[in-house]
Structure formats: structure tokens, C-alpha cells
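Readers should treat all values here as calculations from the given coordinates under stated rules, not as data from a laboratory. Bear in mind the structure is a predicted one, so any value in this text is a computation, not a measurement. Cβ: placed from backbone, ideal geometry, glycine included. Neighbour counts: every protein chain shown.
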Amino acid sequence: MVTNSDSASDSADNHEPTVSPNSANSSNSSASSTSANASAPVIVRNMEIDDLAPAFHLGESLFTSDLYPYLYRTWEEWEVIGFYNTDPEYCLVAEIDGHLAGFILGTVISKASWNYGYITWLGVSHDFQRRGVAGKLFDKLVERMIEEGVRFMLLDTDPANTAAVKFFTSKGFGNTRQHVYLSLNLSKHEYYGRIISYERDKAERANPWRSRRRHT
Ligand SMILES: CC(C)(COP(=O)(O)OP(=O)(O)OC[C@H]1O[C@@H](n2cnc3c(N)ncnc32)[C@H](O)[C@@H]1OP(=O)(O)O)[C@@H](O)C(=O)NCCC(=O)NCCS
């Protein structure tokens, strides 16, 4: 079993935040997070209801369309809300000096003979990267998953995401398989584009006043 003796482990194990989640809210802007005490400890705790919006916005600042188009497209409010709803024990945040420094969202996939731990989202604020924040979040999550019988971890990330690849490699991940992401803009597709135009025309016919207003 993984044992951490640092404050990260203690606060998450007790399921009690040692710092109020509200204090993390105030850290939503990166301007305020730069004022964090550089030597303050990293505290990992359960995600709380007041963390949902700050965690979402932190993700928005990290999963940008220029760097990570796939992550950008799939990151939305329901990722945080959904995991908080279905897997609250695998939703953790890290705080430094009262500032939201990072988050991790995961789930357990249970098969007949094997439980897989899946890391779905991991993000650390630019202000706090390379300080071991992701490592602490990851260790705590894996510790939790081991307690639930997980013996195998899975995740996927863009091969061009050097930071993530190096991070997960440093945590022992290997056996890399390339995964191809494909995308299709339906509006530009010959057949589906016609369906989209048809549906748009239908909506405009059903509510001409509203669609005229939208187009002015
Ligand atoms: C990937 C990410 C979570 C790492 O967070 P972090 O808190 O900076 O990582 P840690 O400080 O725990 O790093 C541990 C080790 O990982 C490796 N690592 C982490 N970031 C790295 C980077 N940018 N370049 C090279 N190696 C890196 C290093 O080996 C590092 O150890 P070291 O600092 O002693 O050299 C962070 O860069 C991030 O949020 N990126 C954007 C979001 C993202 O891509 N998330 C993953 C996909 S969902």
C-alpha cells in the first residue's frame, strides 16, 4: 500500500479539508496565485462543491486549443460536475497557500476479473508546475484506487504533450501505444452538411422571428 506521511495524504485520508475550499475559490485568477508563498506545502484533499467552478476554469487555462486541441474540445463543465457526481472519491484538488494549484479526476473500470484505474483529467496551474503537485495528486489517487482493488492503471494523452508524457513516464507508466485521434467537421461534409442546413432551415421556419433577430 502506498503511504504518504506528508500533509497531502493526511488531509485527503480524513476526508476533511485542512484548508477551506472557499479559500481556493479566491485563487481562480492566476494573478492571485502568483502571490502564494513559494515554500508553502502542497495540500491534497477531496474536491468540494466550491471547487467545481475554479477547477473547471483552471482546466480552461490549461487545455487550450493551440496546445491540446482534443483536450480543448472535450473539456467542459460537465467533466468536472459529472466526475464529482459519479466518482467523488477520485476527484482531488491540490492547494498551495490557499490557492488552487491543481486537480485530478479519475474513475475505476470494474471488469469481472480485474479493476482498472483510469486517470481522465490532470491539470496543474502554470504557477505551480514542476513542484511535485501532479505527483502528489497522482499518488493519492492511486493509493485510493489500490484500496478499492485496482491493480492496473490506464490513461491516454497526446504524444505531443511532452510534459504529460514525461510526467507519466516518471510515475512508471510504459507500454506506450500510439492512438490516432480523428475529427470530422460535419458542417463541411457533403452529406451531413446538407442535413445541418435542412435542420437550420426547419428551425428558422418554425420560429422565423427568433432566427431573424439572431441574424441581425
Ligand atoms: C503534466 C502536468 C500535470 C505535470 O504537472 P507538474 O505538477 O508540473 O508535475 P510534477 O512537478 O509532479 O513533475 C514530476 C516529474 O514529471 C516530469 N515533468 C513534469 N512536467 C514536465 C515538463 N514540462 N517537461 C519535462 N518533464 C516534466 C519530470 O520528470 C518531473 O520531475 P522533475 O521536476 O523532478 O524533473 C502539467 O504540466 C500540466 O498540467 N499540463 C497541462 C495539462 C495536461 O497536459 N494534463 C495531462 C493530460 S489530462
Per-peptide average of other Cβ atoms within 10 Å, ordering 175-186, 82-93 highest first: 82-93, 175-186
When Lys188, Lys136, Lys171 are arranged by how many other beta-carbons sit within 10 Å of their Cβ, fewest first, they go Lys188, Lys171, Lys136
